[in-house]
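Everything below concerns the one structure shown next.
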Number of protein chains: 2
Amino acid sequence: MRDTAASPSPGRPLTRKGLADRAGCGIETVRYYEDAGLMPEPDRGPNGYRLYGEEDVRRLGFIGRARRLGLTIEEVRGLLSLVDGERITCAEVRETTLRHLESVRARIAELRRLERTLADVSARCSGEQVPDCAVIDALMDG
Amino acid sequence: MRDTAASPSPGRPLTRKGLADRAGCGIETVRYYEDAGLMPEPDRGPNGYRLYGEEDVRRLGFIGRARRLGLTIEEVRGLLSLVDGERITCAEVRETTLRHLESVRARIAELRRLERTLADVSARCSGEQVPDCAVIDALMDG
DNA sequence: CCTTGACCCTGTAGCTGGTGCAGACCCTAC
DNA sequence: GTAGGGTCTGCACCAGCTACAGGGTCAAGG
């Protein structure tokens, strides 16, 4: 792992909201990822408050970016276990990524078929104020 | 509504499974749509069994096709209330359809951006058995 | 007549990926 | 001292189903 120029972990620890803000997610989401085992159990202050460091910001950012790329929680968990285990290889990561790329392409193809159907069906619709519609007929008698 | 050449409603009523099979969905789904108010409360036989007719087959088929086109339950409910109210106009249906078409196109555009990002990121991946991966770096330090 | 197996009924819990709320505590500033 | 923010926990909720438990019913076969 490359080190960022920022301060190392226990400079001044972040609260849950601080972490959430830094990573651009909600505080409940942090807890959810913790429950789901994607984020480790953090240290606690004397008042029981969670304390986070820069590592957590990076990790939560990783999760967020992966999720925004559409990876499932399980896929993210897989990548994180590679990272955590230090036994990460580029080949393994590539496999997850390409598999996901395939599924994205499949979803695009599916949506394009859908788009055509919707365009076709709505083109047959006169759009007038009449109680008779080709869309409804198509759906009812399809 | 156009009449189909099939037998009218109470020829020999269908059971829940019969209806589900005809419409190509599971029997639990039928109950779910009933609870959700998309399907009407059916008549019951003396044993309390639900009894369905051809109208129900058509309606459930309508719901299934609309769902397969990606309409939400709420959108389907909207269309059905137009159908039920008999005050259906082509213009109203067209509006739902076009709005949905827009959202499908937006999803396609979003997925295409995603596809490019994934393709880019995986192209930077050597795919070798080395403990260092451009994908992970991109996600960690993005 | 009895059993087997398929079906039906209801209520309820689970799934994914969070979001939000209640009720309690804590901490800081004014 | 009190107002406001923050934090803690546990829980319920969203879509859109799916599945299971624990019972009842029914038709066919032996």
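The values are calculated or read from the model by the stated rules, or taken from the named source; none is laboratory data. Everything quoted here is computed from the prediction, not taken from an experiment. Backbone-built Cβ (ideal geometry, glycine too); neighbour counts: all protein chains shown. Areas reflect the complete protein model, heavy atoms only, side chains present, ligands, DNA and RNA absent. Shrake-Rupley method; radii C 1.70, N 1.55, O 1.52, S 1.80 Å.
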Looking only at the stretch B:43-54, decide whether some residue is under 21 Å from B:V93 (Cβ atoms), more than 12 Å from DNA strand C (Cβ to nearest atom) and modelled with pLDDT of 95 or more. no
Give B:S103, B:S122 a once-over and let me know the one that is within 12 Å of DNA strand D (Cβ to nearest atom) and within 30 Å of A:R65 (Cβ to Cβ). B:S103
Failed item, numbered, when A:R12 is tested on (1) open to solvent by 30 Å² or more (accessible area, probe 1.4 Å); (2) at pLDDT 95 or above: (2)
